[in-house]
Amino acid sequence: MLAACTALLSLVAAGPTVTDDAAYQREIEAWRKAREARLRGDEGWLTVAGLFWLKEGENRLGSDPNAEVVLPAHSSPARAGALRVQKGKVTVEPAAGVAITAGGKPVTKMELRSDTPGPPDVLSLGDLRFFVIERSGKLAIRLRDLQAPARKSFTGLRWFPVRKEYRVVGRFVPHPAPKKLSVPNVLGLVEEMVSPGAVVFELQGQELRLEPVYETPDQSELFFIFRDRTSGHETYGAGRFFYADKPRDGQVILDFNKAYTPPCAFTRFATCPLPPRQNHLPLRIEAGELDYGHH
């Protein structure tokens, strides 16, 4: 009896099997609704309204168009303060009378943590949120505007129909040791990302291979950056992303119905990685998110 109960709990934890069509359809629809809710949220990519690379020394902050970090005038005075960069560290100092906060507390002078390894210190000024990011050793301010036009004009995501044949079980082939991949991004910078191995799978009668990377320091899941023959047609031209659980008993479940469009389709201020050449698939993946069509 104990063994039977344990087996049942394992099935519940794993979610519906792929043979349960109705349950699988509900799972994907719920995932897609959550995806769109995150995109529309205060921390979603639709609010990202600026990316400003910082120089060593003082960087002026405010709505003055001559400032190094230009903020929207609806929430910022012409001079909101300054960001000072010294030997890889960034300090913010608001101008007199400017109510910049961090974690709900007023800021007078503060050294800011970046998103690498993260989480960053997020500063607030009216409807604006901004924080330090690091890419390829370079520091920048990413700006979110809760009143961003892209957020207000967003019309919703579109998807291919759910097709269970695009949920496949692959064989994990580990690298002898985790290796670093040089992954370019849309800005022309190159990020070193760790890949634990490759996943070999069959789809449409072909044996295919994708090489995932770890996106976060905790290495909690596999991140796939891929391109296929729908890219630039029905789907975003630069490719798409999806996640998978880490290998279990040498297997990885790849679900292309959860493939989604990179942030750079929704804002020109994203720093999206591009698919490495080995992740260009020679067939059409008619599953997942369709192109939003703005960038």
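The values are calculated or read from the model by the stated rules, or taken from the named source; none is laboratory data. These numbers were taken from a predicted model, which means no experiment stands behind them. Reconstructed Cβ throughout: ideal geometry from the backbone, glycine too, with neighbour counts over all protein chains shown. Ligands, DNA and RNA are stripped out before the accessible areas are found, and what is left, the full protein with its side chains, is counted by its heavy atoms. Shrake-Rupley method; radii C 1.70, N 1.55, O 1.52, S 1.80 Å.
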### Query
Using 7 Å Cα-to-Cβ label points, what is the residue 95/residue 204 separation (nm, one decimal)?
5.6
### Query
Which of these, 30, 244, 150, has the largest mean-square fluctuation under a Gaussian network model of the chain (Cα springs below 10 Å)?
30
### Message
Tell me the per residue accessible area of the chain using a 1.4 Å probe; a whole number in Å² is fine.
### Response
52
### Message
Which of 248, 60, 84 ends up with the largest GNM mean-square fluctuation for the chain, with Cα atoms connected below 10 Å?
### Response
248
### Simple label model, 7 Å out from Cα along Cβ direction - residue 175 to residue 136, nm
1.9
### Message
Let me check the size of the chain from its C-alpha atoms; what are the radius of gyration and Dmax in Å?
### Response
21.8, 73
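Under the rule of -39500 (n - 2.57) per DSSP H run of 4 or more residues, summed and divided by the residues of the chain, what mean residue ellipticity at 222 nm is obtained, to the nearest 500 deg cm²/dmol? Present the calculation step by step, with values, prior to reporting the outcome.
Working: 3 runs with 38 residues, N = 295.
Mean residue ellipticity, 222 nm, calculated: -4000 deg cm²/dmol.
Multiply the residue gap between residue 220 and residue 191 by 0.36 nm, knock off their C-alpha separation, and tell me the result in nm, one decimal place. Don't skip to the end; give the middle numbers.
Values: separation 29, 0.36 × 29 = 10.44 nm, distance 1.90 nm.
8.5 nm is the gain from fully extending residue 220 to residue 191.
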### Task
Give me D for the range 110-153 in µm² s⁻¹, whole number, from Stokes-Einstein with Rh from the Kirkwood sum over alpha-carbon pairs, 4 °C and 1.567 mPa s.
114
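Per 0.36 nm of contour for each residue apart, how much would the distance between residue 164 and residue 56 grow if the chain were fully extended, relative to their Cα-Cα spacing?
On the way: separation 108, 0.36 × 108 = 38.88 nm, distance 5.19 nm.
Once the chain is fully extended between residue 164 and residue 56, it gains 33.7 nm.
I'd like the FRET efficiency for residue 22 and residue 234, computed as 1/(1 + (r/R0)^6) with the beta carbon distance as r and R0 of 25 Å, rounded to 0.05. Display every interim value, and only then the final one.
On the way: r = 26 Å, r/R0 = 1.04.
In this case the efficiency is close to 0.45.
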### Query
So, with a 1.4 angstrom probe, what is the percent of accessible area on the chain that is carbon and sulfur?
53
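At 10 °C and 1.306 mPa s, grab the translational diffusion coefficient of the range 126-206 from Stokes-Einstein with a Kirkwood Rh over Cα pairs, rounded to a whole number in µm² per second. Provide the component values of the computation, followed by the final result.
Numbers: Rh = 17.7 Å.
Roughly 90 µm²/s, to the nearest whole number.
Going by the alpha-carbon gyration tensor, a ≥ b ≥ c the square roots of its eigenvalues, is the range 165-243 rounded (a/c under 1.5) or, if a/c is not under 1.5, prolate (a/b greater than b/c) versus oblate?
Details: a/c = 2.01, a/b = 1.09, b/c = 1.85.
Judged from the Cα gyration tensor, the range 165-243 comes out oblate (a/c at least 1.5, b/c at or above a/b).
As a test of the definition: which semi-axes, in Å, follow for the range 220-261 when you take the square root of five times each eigenvalue of its alpha carbon gyration tensor? Largest first, please. Provide the component values of the computation, followed by the final result.
Details: eigenvalues 109, 16, 11 Å².
Each semi-axis is √(5λ); the values are 23, 9, 7 Å.
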### Query
What's the FRET efficiency of residue 31 with residue 278 using the Cβ-Cβ distance as r and R₀ = 35 Å, to the nearest 0.05?
0.85
## Note on the structure
Classified through the alpha carbon gyration tensor (a ≥ b ≥ c as square roots of its eigenvalues; rounded if a/c is under 1.5, else prolate when a/b is larger than b/c, else oblate), the range 205-295 comes out oblate
